[in-house]
Amino acid sequence: MSATDRVNLEQSTVLLIDDNPQALDMLSSVFHGFGVKEQIKCASAVEAVRIIQNRAVDLIVIDCADPAMDSYAFARWLRRETPAPLRFIPIMLLTGHASQSKVQEGRDCGVSFVVTKPLTPAVLLRRILWLAGDEREFVESENYVGPDRRVRNFGPPLGVAGRRKDDLSAHVGAAVEANMDQSDIDMLMKPQRVAL
């Protein structure tokens, strides 16, 4: 982001959930620095469930290890148990334990982004901007509800720093070959006997 770019989060409502009071205060200070005036702070995901059913929010930032409901259970609840538009709210999961299994668990329960601690305001703001430009489809299936998980192949949205040279474009484009005839497609799909 250049010095001339301006980000205005003044009209945003952010739900901050952290079971560590000092971390919650620090997170609140960071968002205050981003210009967010309306912050809802929760010390537990269970408390956040009650709040989110009565208040509209634009972003949820969570780091909660409470056995009653942790960050992952909260994300699963929001994505599967709530009606639209609640289930579409972006969820940023903060974690101090960024093992591959924990990141995959976050992805698989429907969070929009995983950010590791210790975090810096610059990294957090970049991730928020990334979410603001995110055009991934929202997937609702029997085994998964949340943003399309194929972000690894597509990378950050166009125009956002961090794109890799091997990221795929989300643009499909025009066909480069003639369409197949239905009988040719049927032959490709037809079971064939194979000699082993």
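The values are calculated or read from the model by the stated rules, or taken from the named source; none is laboratory data. This structure is a prediction, so every number in the text was calculated from the model and none was measured. Methodologically, a virtual Cβ is constructed for each residue, glycine included, from the backbone with ideal geometry; neighbour enumeration extends over all protein chains shown. Each accessible area value is taken on the protein alone, full model and side chains, heavy atoms only, with ligands, DNA and RNA left out. Shrake-Rupley method; radii C 1.70, N 1.55, O 1.52, S 1.80 Å.
Considered as a group, the residues in the stretch 103-114 that are free of Cβ contacts under 8 Å to residues at least 40 places away in the same chain and out of contact with any strand residue (DSSP E or B) (no Cβ under 6 Å at 6 or more places or on another chain) include one that is farthest from D70 (Cα to Cα), and that residue is Q104.
Scanning the stretch 19-41 for residues that are surrounded by fewer than 18 Cβ atoms within 10 Å (Cβ to Cβ) and of a type in the set (K, R) returns a single hit, K37.
I need a count of the residues in the stretch 16-30 that are free of Cβ contacts under 8 Å to residues at least 24 places away in the same chain and either in a loop (DSSP other than H, G, I, E, B) or not acidic (D, E) (or both). The number of residues fulfilling the criteria is 6.
Of the numbered criteria (1) surrounded by 16 or more Cβ atoms within 10 Å (Cβ to Cβ); (2) touching a strand residue (DSSP E or B) at 6+ places or on another chain (Cβ under 6 Å); (3) under 21 Å from D108 (Cβ atoms), the one Y72 fails is (2). Taken as a whole, the structure leaves D66 outside the set of residues that are among the acidic types (D, E), under 23 Å from V123 (Cβ atoms) and at pLDDT below 95. I'd like to know if the stretch 81-95 contains one or more residues that are more than 22 Å from N20 (Cβ to Cβ), open to solvent by 50 Å² or more (accessible area, probe 1.4 Å), in a helix (DSSP H, G or I) and free of Cβ contacts under 8 Å to residues at least 12 places away in the same chain. Checked against the condition, which is being more than 22 Å from N20 (Cβ to Cβ), open to solvent by 50 Å² or more (accessible area, probe 1.4 Å), in a helix (DSSP H, G or I) and free of Cβ contacts under 8 Å to residues at least 12 places away in the same chain, the stretch 81-95 yields at least one hit. So is I62 under 15 Å from V145 (Cβ atoms) and open to solvent by less than 30 Å² (accessible area, probe 1.4 Å) or not? Answer is no for this residue.
Might you let me know whether the stretch 110-121 holds any residue that is out of contact with any Leu (no Cβ under 9 Å at 6 or more places or on another chain), under 24 Å from D148 (Cα atoms) and at pLDDT below 95?
no
Checked against the criterion of being out of contact with any Gly (no Cβ under 7 Å at 6 or more places or on another chain), touching a residue at least 40 places away in the same chain (Cβ under 8 Å) and assigned to a loop (DSSP other than H, G, I, E, B), the stretch 132-141 has at least one qualifying residue. For the stretch 135-148, the tally of residues that are open to solvent by less than 40 Å² (accessible area, probe 1.4 Å) and either modelled with pLDDT under 85 or within 12 Å of the chain's Cα centre (by Cα) (or both) stands at 4. Of all residues in the stretch 102-126, those satisfying the criterion of being outside any loop (DSSP other than H, G, I, E, B) and closer than 25 Å to S141 by Cα are K102, V103, Q104, E105, G106, R107, D108, F113, V114.
Residue under question is P191, and the condition is that it be open to solvent by 80 Å² or more (accessible area, probe 1.4 Å) and modelled with pLDDT of 60 or more; does it hold? Against the criterion (open to solvent by 80 Å² or more (accessible area, probe 1.4 Å) and modelled with pLDDT of 60 or more), P191 does not qualify.
When A65, A48 are checked against the criterion of being over 18 Å from A132 (Cβ atoms) and either in contact (Cβ under 8 Å) with a residue 60 or more places away in the chain or out of contact with any helix residue (DSSP H, G or I) (no Cβ under 7 Å at 6 or more places or on another chain) (or both), a single residue qualifies: A65.
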